[in-house]
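Engineer: Take this structure, written in structure tokens, and hold onto it; I'll ask about it next.
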Amino acid sequence: MKNCLRTSKACLEAVFNLTSDGILAFDRRGVICKVNPVAVRILGVEAGELEGSGILEIFSPGQRLELSEEFARFCRDPESSIFSSGVELQARRRDGESLLLHCRLGRAGNGDEACYLCVIRDISGLREIHEKLTRARHLASLGEMGASIAHEIRNPLAGINGAVQVLAGMADPKSPEYRVLMEVQQLAERIESTVAHMLEYARDWQPEPRLCEIDELVKKVVDGYRRRRSLAGVEIRVESEGHPRARVDPELIGQVLENLMDNAICACPESGAELVWRLRENPREVFLLLEDNGTGVDDEIRANIFKPFFTTRERGYGLGLAICQKIIERHNGRIVLENRREGGARAIISLPKSKFLKA
């Protein structure tokens, strides 16, 4: 009998330590008494660090109530030993990184000696993949619709432009009719420009990657940008740690960099604008950071800034940053925009060094 008990205990210990989920064991008061290695890794803590602390302390303050209510249901039903269906809760690692955890509660034993279990699984990556796929489907359908509408508009628009030019040639340049015709022509040209941007957004951006020295690529783009733009009062610097390399399409990445600089300059003071490209790398990724000394970005605007047709400019089209995002995602990378503590904004592009996803 004793041998069977020892074997059962050893089996339970092995399951506790080798399962792919994190497990935190705690008592009726919610005090953690044991944590398995997976939970230690997920939460980014040292072994033994959580023991003696409260189970609710690992979750975000605003979401502790949901887990405590789940725990209360277990306590009210002493006969139940079945795991709960689970809830999704935000937690935070010791290094400050936010996590989305799927949490299930269970119980082993009854009465005062009952031991409760919180089984956690990090689903942050799954949620990110789901959101990315949903966004990709939405953007694909939006792009197809935009391209169809744009093609339908272009033919009659060309006819309108031609008719306006004929009538303008017959009118006295000093007459009110001529001024009206010029206004119509300007509006038609704006529609044509909008259509062109819609077609550009709807393009199937398929990069042709090659191994590039990223610091040299950024410097080349910045030099060309300076020559083509009127940049009086604008300073642009490139600072690189080493010589990071990655497989990218230099033409498409150059288009992204120029668009980001256009947006950054618009947010900066008319004189004294400063833009700094900072290049970083780790073993897997290359990071391109563009920092400016502008006004920063409101949270509401930042949440929508990569959405198609969202713009804060009076004569903007709202497609530039959406195109940038499509290009970066075609490189299997990411692009985000954040505010700097010192003031201004920071655009961050991350690109994989070797795992290039073309389709």
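The values are calculated or read from the model by the stated rules, or taken from the named source; none is laboratory data. Note that this is a predicted model, so its numbers are computed, not measured. Virtual Cβ from ideal backbone geometry, glycine too; neighbours counted across all protein chains shown.
Engineer: Can you name the residue in segment 20-45 that is surrounded by fewer than 14 Cβ atoms within 10 Å (Cβ to Cβ) and at pLDDT below 85 and is also farthest from E69 (Cα to Cα) among such residues?
Structural biologist: So, considering only residues that are surrounded by fewer than 14 Cβ atoms within 10 Å (Cβ to Cβ) and at pLDDT below 85, the one farthest from E69 (Cα to Cα) is S20.
Engineer: Then there's this: What are the residue pairs meeting all of these: first residue in segment 18-35, first residue closer than 11 Å to R121 by Cα and acidic (D, E), second residue assigned to a strand (DSSP E or B) and modelled with pLDDT of 85 or more, Cβ atoms under 7 Å, and 6 or more apart or on different chains?
Structural biologist: Sorted first by the residue in segment 18-35, then by its partner, the pairs are D21/V119; D21/I120; D21/R121.
Engineer: From the list V164, V87, which one is surrounded by 14 or more Cβ atoms within 10 Å (Cβ to Cβ) and modelled with pLDDT of 80 or more?
Structural biologist: Values: V87 fails: modelled with pLDDT of 80 or more.
Going through V164, V87 in turn, just one is surrounded by 14 or more Cβ atoms within 10 Å (Cβ to Cβ) and modelled with pLDDT of 80 or more: V164.
Engineer: Can you go through R127, R121, R107 and tell me which one is under 29 Å from G30 (Cα atoms), outside any helix (DSSP H, G or I) and at pLDDT below 80? Before you say what the answer is, go through the steps one by one.
Structural biologist: Numbers: R127 fails: outside any helix (DSSP H, G or I); R121 fails: at pLDDT below 80.
After ruling out the rest, the residue left standing is R107.
Engineer: Would you call Q185 outside the structural domain of G320 (by TED's automatic domain parsing), over 30 Å from I328 (Cβ atoms) and in contact (Cβ under 8 Å) with a residue 24 or more places away in the chain? Break it down into steps so the answer makes sense when it comes.
Structural biologist: On the way: outside the structural domain of G320 (by TED's automatic domain parsing): yes; over 30 Å from I328 (Cβ atoms): yes; in contact (Cβ under 8 Å) with a residue 24 or more places away in the chain: yes.
Against the criterion (outside the structural domain of G320 (by TED's automatic domain parsing), over 30 Å from I328 (Cβ atoms) and in contact (Cβ under 8 Å) with a residue 24 or more places away in the chain), Q185 qualifies.
Engineer: Out of segment 33-50, which residues are in contact with a Lys or Arg (Cβ under 9 Å, 6 or more places away or on another chain) and not hydrophobic (A, V, I, L, M, F, W, C)?
Structural biologist: Passing the criteria: G44, E46, E49.
Conditions (1) under 16 Å from D249 (Cα atoms); (2) modelled with pLDDT of 85 or more; (3) hydroxyl-bearing (S, T, Y); (4) touching a His at 6+ places or on another chain (Cβ under 6 Å), marked per residue:
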site: E274; (1), (2), (3), (4): no, yes, no, no
site: N282; (1), (2), (3), (4): no, yes, no, no
site: L289; (1), (2), (3), (4): no, yes, no, no
site: R313; (1), (2), (3), (4): no, no, no, no
site: L321; (1), (2), (3), (4): no, yes, no, no
site: H331; (1), (2), (3), (4): yes, yes, no, no
site: R340; (1), (2), (3), (4): no, yes, no, no
site: A345; (1), (2), (3), (4): no, yes, no, no
site: K358; (1), (2), (3), (4): yes, no, no, no
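Engineer: Name, by its number, the condition in (1) hydrophobic (A, V, I, L, M, F, W, C); (2) modelled with pLDDT under 75; (3) under 16 Å from the mean Cα position of the chain (by Cα) that does not hold for F309.
Structural biologist: All conditions are met except number (3).
Engineer: Still on this model: Among what's in segment 201-225 and is under 23 Å from the mean Cα position of the chain (by Cα) and part of a helix (DSSP H, G or I), pick the residue that is nearest to K307 (Cα to Cα). Give the derivation first.
Structural biologist: Step one: filter segment 201-225 for residues under 23 Å from the mean Cα position of the chain (by Cα), giving 201-207, 209, 214, 218.
Subset that is part of a helix (DSSP H, G or I): 201-202, 214, 218.
Values: Y201: 12, A202: 14, I214: 27, V218: 25 Å.
Looking at the filtered set, the residue picked out is Y201.
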